[in-house]
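The block underneath contains the structure these notes are about, expressed in structure tokens.
The values are calculated or read from the model by the stated rules, or taken from the named source; none is laboratory data. Because the structure is predicted, anything quoted here is derived from the model rather than measured. Quick reminder, even Gly has a Cβ in these numbers, built from the backbone with ideal geometry, and neighbours come from all protein chains shown. SASA here: full protein model, heavy atoms, side chains in, ligands and nucleic acids out. Shrake-Rupley method; radii C 1.70, N 1.55, O 1.52, S 1.80 Å.
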Amino acid sequence: MEALSEVSQVKKVNGGSVVSPKGFYAGGVHAGLRYSRKDVGLIYSEVPASSAAVYTLNQFQAAPLKVTQHSIQENGKLQAVIVNSACANACTGERGLQDAYSMRKLTADKLNIEETFVAVASTGVIGEYLQMDRIAAGISEIQFGQTEEDAEGFQTAILTTDTCMKSSCYTTEIDGKLVTMGGASKGSGMIHPNMATMLGFITCDAAISPESLKKALKSVTNESFNQITVDGDTSTNDMVLVMANGKAGNEELHEGHKDWEAFIELLKNTSQDLAKQIARDGEGATKLIEVSVKGAASNDDARKIAKQIVGSNLVKTAIFGADANWGRIIGAIGQAGVEVNVDTVNIKLGETTMLLNSVPQVFSEDDAKKYLENDTIHIFVDLQFGDGEGKAWGCDLSYDYVKINASYRT
């Protein structure tokens, strides 16, 4: 085994996207599945790319997920992803499954590639059938390229109740080669992974085996996409998919490679960036909430507590109302189902200490309220019980969340 090097510097690329890595193309088209916005999107790689995915744990997995799983299981490689919005193609029985396979075949025929090199994703209303005539026309008409406009076409096509596009891009050096990773995601409501109503697509030009990519994605997901929550609901269609086509020219990555940790950091930065954008864009949200927990018995315990806090409706509504009610935070900690010392808990809201060794502290309500009126809120918890650390991201719960979801289909 090679000696591991220090982690190479990971750099953010402003304006980067899924087409920033070498050999990747994207595009979107309005196929008429919704009134005006683009609704069918495509990502294409010049060559088959090592691929890995994680999927929703909801028992009612939608048809496109089953098709994507079948494609990846064939040989661990993909060359294209076809996505539609407006209709989830979930709980649609045998007809829905055949429609998903038809989407795969139509895309493969258009690109002249093997069917099993195509992944399929859908998002939108559950329990409705795809308008296959329109989807077929959209796949036939879709154009793809490597411009910013092409990337935005894809990013727009995958949105549902999202208020904005979500993209990310980072680079690092591996074997002295510049490796680039780009991503796009959608998600606004029904967010409570292990996965949620979210789709994430990550492209990379690193050379890596499918098996190693799968291990990397699994480890990073637990520190990114699985640590966000909007409303505690897990959907039927959620998936994060990573494709790496090797165009950067590095030696194939594996766990013993000297730059393995650099790749992990690259994937972690991209994933966390996309995850935070999803949390910030929660339906009706006005604020992003980041919870940092340290001093837990383990990292897993810390992540559980952080997610319990950010997922608490009482915490979320207090943040929306700019009410520095730290009692709701301590209540969430006690419900996380992990062991803590109830006499050693510290809580800070921004720079203001609310609780020290489980003793309430005097603080300025006016200063706390002013801090809570910011659009990004940080909650810090130190349990002083162990060495475990973890973070989670979410958003406040506003009146608009109810309005949006009360009329989702209308």
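Quick rundown of the values:
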read-out	value
Unique match (being closer than 14 Å to I202 by Cα and either modelled with pLDDT of 90 or more or open to solvent by 30 Å² or more (accessible area, probe 1.4 Å) (or both)) among I289, I264	I264
Residue that is most open to solvent (accessible area, probe 1.4 Å) [pool: residues in the range 71-90 that are polar (S, T, N, Q) and under 23 Å from S209 (Cβ atoms)]	Q73
Residues of the range 143-176 that turn out to be surrounded by fewer than 24 Cβ atoms within 10 Å (Cβ to Cβ), among the hydrophobic types (A, V, I, L, M, F, W, C) and assigned to a helix (DSSP H, G or I), as a count	0
Close pairs from the range 19-42: first among the aromatic types (F, W, Y), partner at pLDDT 95 or above and open to solvent by 20 Å² or more (accessible area, probe 1.4 Å), Cβ under 7 Å, at least 6 apart	Y25/Y44; Y25/F144; Y25/Q146; Y25/D150
S140, sole failed condition from (1) assigned to a helix (DSSP H, G or I); (2) buried (at least 17 other Cβ atoms within 10 Å of the Cβ)	(2)
Conditions (1) in contact with a Leu (Cβ under 7 Å, 6 or more places away or on another chain); (2) open to solvent by less than 10 Å² (accessible area, probe 1.4 Å); number of the one not met by R280	(2)
Selection from the range 263-307 of residues that are more than 14 Å from C395 (Cβ to Cβ), assigned to a helix (DSSP H, G or I) and touching a Gly at 6+ places or on another chain (Cβ under 8 Å)	T270, S271, D273, L274, N299, D300, D301, A302, R303, K304, I305, A306
L383 vs. criteria crowded, with 17+ Cβ neighbours inside 10 Å, more than 25 Å from the chain's Cα centre (by Cα) and either of a type outside the set (A, V, I, L, M) or more than 16 Å from A279 (Cα to Cα) (or both)	yes
Selection from the range 200-258 of residues that are open to solvent by 10 Å² or more (accessible area, probe 1.4 Å) and part of a helix (DSSP H, G or I)	P210, E211, S212, K214, K215, K218, S219, N226, Q227
Residues of the range 108-137 classified as part of a helix (DSSP H, G or I) and either open to solvent by less than 40 Å² (accessible area, probe 1.4 Å) or in contact (Cβ under 8 Å) with a residue 12 or more places away in the chain (or both), total	11
Some residue of the range 5-18 being part of a strand (DSSP E or B), under 26 Å from D162 (Cβ atoms) and out of contact with any helix residue (DSSP H, G or I) (no Cβ under 9 Å at 6 or more places or on another chain)	no
Extreme residue, nearest to G388 (Cα to Cα), among residues of the range 327-359 that are without any contact (Cβ under 8 Å) to a residue 12 or more places away in the chain and assigned to a strand (DSSP E or B)	L356
Breaking point among (1) out of contact with any Leu (no Cβ under 8 Å at 6 or more places or on another chain); (2) open to solvent by 60 Å² or more (accessible area, probe 1.4 Å), for L274	(2)
Residue check, G337 open to solvent by 30 Å² or more (accessible area, probe 1.4 Å) and either in contact with a helix residue (DSSP H, G or I) (Cβ under 8 Å, 6 or more places away or on another chain) or not polar (S, T, N, Q) (or both)	yes
Pick from the range 312-326, criterion open to solvent by 30 Å² or more (accessible area, probe 1.4 Å) and outside any loop (DSSP other than H, G, I, E, B), ranking: modelled with the highest pLDDT	W326
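Let's see how each residue does on (1) open to solvent by less than 30 Å² (accessible area, probe 1.4 Å); (2) in contact with a strand residue (DSSP E or B) (Cβ under 6 Å, 6 or more places away or on another chain); (3) in a loop (DSSP other than H, G, I, E, B):
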residue	(1), (2), (3)
G32	yes, no, yes
Y44	no, yes, no
S50	yes, yes, no
N58	no, no, yes
L65	yes, yes, no
Q69	no, no, no
A100	yes, yes, no
L106	no, no, no
